[in-house]
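The values are calculated or read from the model by the stated rules, or taken from the named source; none is laboratory data. Since the structure is predicted, the reported quantities are computational estimates derived from the model, not experimental observations. Cβ sites come from the backbone with ideal geometry, for glycine too, and all protein chains shown count toward neighbours. All accessible areas refer to the heavy atoms of the entire protein, side chains included, with ligands and DNA or RNA removed. Shrake-Rupley method; radii C 1.70, N 1.55, O 1.52, S 1.80 Å.
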Amino acid sequence: MRALGAMALVAVAFASAAARAADPPRPDPLHGQALFVSKRCVGCHAVRGTGGRTGPDLGRAAVKGSFPEIAVGLWNHALLMDEKMREFRVARPTFEGNELADLVAFLYFLNYFDEPGDPVAGKRLFAEKQCLRCHAVGREGGTIGPRLDAMPRGAQPLRIAQALWNHGPQMTAAMRRMGLAPPRFDGSEFLDLVAFLRGQGQRAAAREFRTAGDPEAGRTLFTAKGCARCHAVFGAGGGVGPDLGRADLRGSVTQLAGTMWNHWPAMSSAMAAMGMAPPTFARDELADVFAYLFLVRYGGPPADAGRGAAVFARRGCAGCHGPAAEGGVGPRLRGRLGGEPPERIVQRMWNHAPAMGQRMGGRGIAWPRLEAKELADLLAFLAAAR
């Protein structure tokens, strides 16, 4: 887990930004990494290859999306995890204070950072995607565009992506004159291409510091650069392009930059129709915008307590806790959870899951599986039940 230390340290910058505007608990991904080890999650789950193999690798495919998406995965698999822990004679972890919030923050922020790209595959893509026809690297390539081995070696991936975006108009015009379609990148292809380019640059005395971006600056830039004219974030903003709060934006920031490039032709046409000049980015501005989009997605879409009341009834919670959460077979929830943040409520649910499962099993009640939106609405209902 030592390899993840630097990753979590940078993630603290996001947590600090969130804390300026949030009520406790304030998620601390660095503490969440320590908990991932001390609570023995690492014994069953790997993070990008480091750790156990009983459960899925949580740094790759299993944990994606907002807090409700991660939390619902914990809830839906709670009984299966209990069974596995008993089988392997592992003590089931419980959480107190802000611990579950910190652990989820660690898992969430892992998605911001890149997995290593494959420079060998990137070199092949550099030729297959026709980059070599315009750009030189070493002794190969064309002279229409600038040399791509003149950048500092180990340049930040987002700086490379930012340069690619800024030169999009000139590049696409040149490619059309040559009868070429702008290249598209799928899966990890953009990561691989960037890994190849990062290894071709000029050696520098010191490597450039890789910033995680400033989400508050990114919020301002999102409007100043005209992004909000076309894109909403959870309903606030334009409707020309997809809502970037609700869109299925998966992968690391560099992969998202590749997705952004893939949509360049459609985006440039839409901006031309609106009389907009394509925005350009300087310094760490693209990193700032991505940091904002990443942080604002943590909480997921706005939840609704009214819909949560319907979930409470539909999923059978009312059968044990009373129609209005006033109590019954299970404890009274109304007045006990009012005003608590969702992380604390999920923590209570996790800690009491074994007892709940035993009681439900004794009464022949199936464990309720929830969708992420249902959990978010249910948490809003429970927090509002005073």
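Below are the figures for this structure:
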{"item": "The range 81-145, accessible area per residue, ligands and nucleic acids excluded (1.4 Å, Å²)", "result": "54 Å²"}
{"item": "With Cα atoms, 0 to 90° folded angle of helix 119-128 axis to the chain main axis", "result": "60 degrees"}
{"item": "Loop-located trypsin sites (Lys or Arg not before Pro) in the range 335-382, at most 13 other Cβ atoms within 10 Å (DSSP)", "result": "Arg363, Arg369"}
{"item": "Point-to-point label distance, Thr143-Met274, nm (Cα→Cβ direction, 7 Å offset)", "result": "4.0 nm"}
{"item": "Under 28 Å from Lys373, Cα to Cα: lysines that are on another chain or at least 8 residues apart", "result": "Lys39, Lys64, Lys84"}
{"item": "Mean Cα-pair separation over length for the range 30-133, i.e. relative contact order, pairs under 8 Å, 6 or more apart, %", "result": "31 percent"}
{"item": "Ala282 paired with Arg246, simple spin-label distance in nm, labels 7 Å along Cα-to-beta-carbon", "result": "3.6 nm"}
{"item": "Dipole moment magnitude, nearest 20 debye, the chain about Cα centre, only Lys, Arg, Asp, Glu C-beta charged", "result": "360 debye"}
{"item": "Estimated FRET transfer efficiency when R0 is 30 angstrom, pair Arg315-Phe234 (beta carbons, to 0.05)", "result": "0.80"}
{"item": "Value at 222 nm in deg cm²/dmol, rounded to 500, when DSSP H runs of n ≥ 4 in the chain each add -39,500 (n - 2.57)", "result": "-15000 deg cm²/dmol"}
{"item": "Of Ala309, Ala324, Ala287, the one that fluctuates the most in a GNM where the chain has Cα springs shorter than 10 Å", "result": "Ala324"}
{"item": "Straight-distance crosslink candidates among aspartates and glutamates, where the alpha carbon sits under 12 Å from Lys123 and sequence neighbours closer than 8 are dropped", "result": "Glu140, Glu189, Asp192"}
{"item": "Distance between modelled label sites at Arg53 and Ala181, nm, 7 Å Cα→Cβ extension", "result": "4.1 nm"}
{"item": "Full-stretch length increase - Arg89, Leu132 - with 0.36 nm per residue and alpha-carbon distance subtracted", "result": "9.8 nm"}
{"item": "Gaussian network model of the chain, Cα within-10 Å springs - most flexible of Val296, Val37, Val311", "result": "Val37"}
{"item": "Residue-normalised accessible area of the range 174-327, given per residue in Å² at a 1.4 Å probe", "result": "48 Å²"}
{"item": "Computed magnitude of the charge dipole of the range 256-314 (debye, nearest 20; Cβ of K, R +1, Cβ of D, E -1)", "result": "280 debye"}
{"item": "Accessible area of the chain belonging to carbon and sulfur atoms, whole % at 1.4 Å probe", "result": "56 percent"}
{"item": "Inverse mean reciprocal Cα-Cα distance (Kirkwood Rh) of the chain, Å", "result": "23.1 Å"}
{"item": "Of Phe190, Phe290, Phe88, the one that fluctuates the most in a GNM where the chain has Cα springs shorter than 10 Å", "result": "Phe88"}
